[in-house]
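The values are calculated or read from the model by the stated rules, or taken from the named source; none is laboratory data. None of these values were measured; they are calculated from a predicted model. Methodologically, a virtual Cβ is constructed for each residue, glycine included, from the backbone with ideal geometry; neighbour enumeration extends over all protein chains shown. All accessible areas refer to the heavy atoms of the entire protein, side chains included, with ligands and DNA or RNA removed. Shrake-Rupley method; radii C 1.70, N 1.55, O 1.52, S 1.80 Å.
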Amino acid sequence: MKTLLNIIWLVLSGFWLFLGYLLAGLLLCITIIGIPFGIAAFRIGIYALWPFGYTTVERRDAGAPSCVGNVLWLVLAGWWLALAHITTGVALCLTIIGIPFGIANFKMIPVSLLPLGREIVRTDEPFGVR
């Protein structure tokens, strides 16, 4: 079922989300200061491409630079991205067929709001095992 949902997601919105995050990541990587944010945008883009069967977890080894970076991200871009995922998720949940895709949008809110210090893991693997 995850594969079918991922294929439908990819065709309808995942590819376009991926391209948007990829473009943002490329623009952010132009400057040295923006490279960590660009890498975070690439990570979110990959997650947006194929979200079913994956989730995000906080990295416990992320330190103060991740916290400072997340504050900058939150102020400059994070809340816009989170608001867009909320709006799209609510709109998708208005139809029965769109509910799984709305939930996938809701799953992207934490990583789009505060991406630094998070990683994307498969849901069928036990946490801590890679």
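Taking only the C-alpha atoms, wrap a convex hull around the chain and report its volume per residue in Å³ as a whole number.
101 Å³
Calculate I(q)/I(0) for region 13-71 by the Debye formula, one identical point scatterer on each C-alpha and no solvent, and give its log10 at q = 0.17, 0.23, 0.24 Å⁻¹ to two decimals.
Evaluating at q = 0.17, 0.23, 0.24 Å⁻¹ gives log10 I(q)/I(0) of -0.63, -0.97, -1.00.
How far apart, in nm, are the 7 Å Cα→Cβ label points at residue 12 and residue 90?
Inter-label distance under the simple model: 1.9 nm.
For the pair residue 123/residue 61, report the inter-label distance in nm, with labels modelled 7 Å from Cα in the Cβ direction.
Rounded to a tenth, the inter-label distance reads 2.7 nm.
Write out the trypsin sites (Lys or Arg not before Pro) in region 56-111 meeting two conditions: DSSP loop, and at most 15 other Cβ atoms within 10 Å of their Cβ.
Sites meeting the loop and neighbour criteria: 59, 60.
Using a 1.4 angstrom probe, figure out how much accessible area region 5-130 has per residue, in square angstrom, rounded to the nearest whole.
Per residue, region 5-130 has 59 Å² of solvent-accessible surface.
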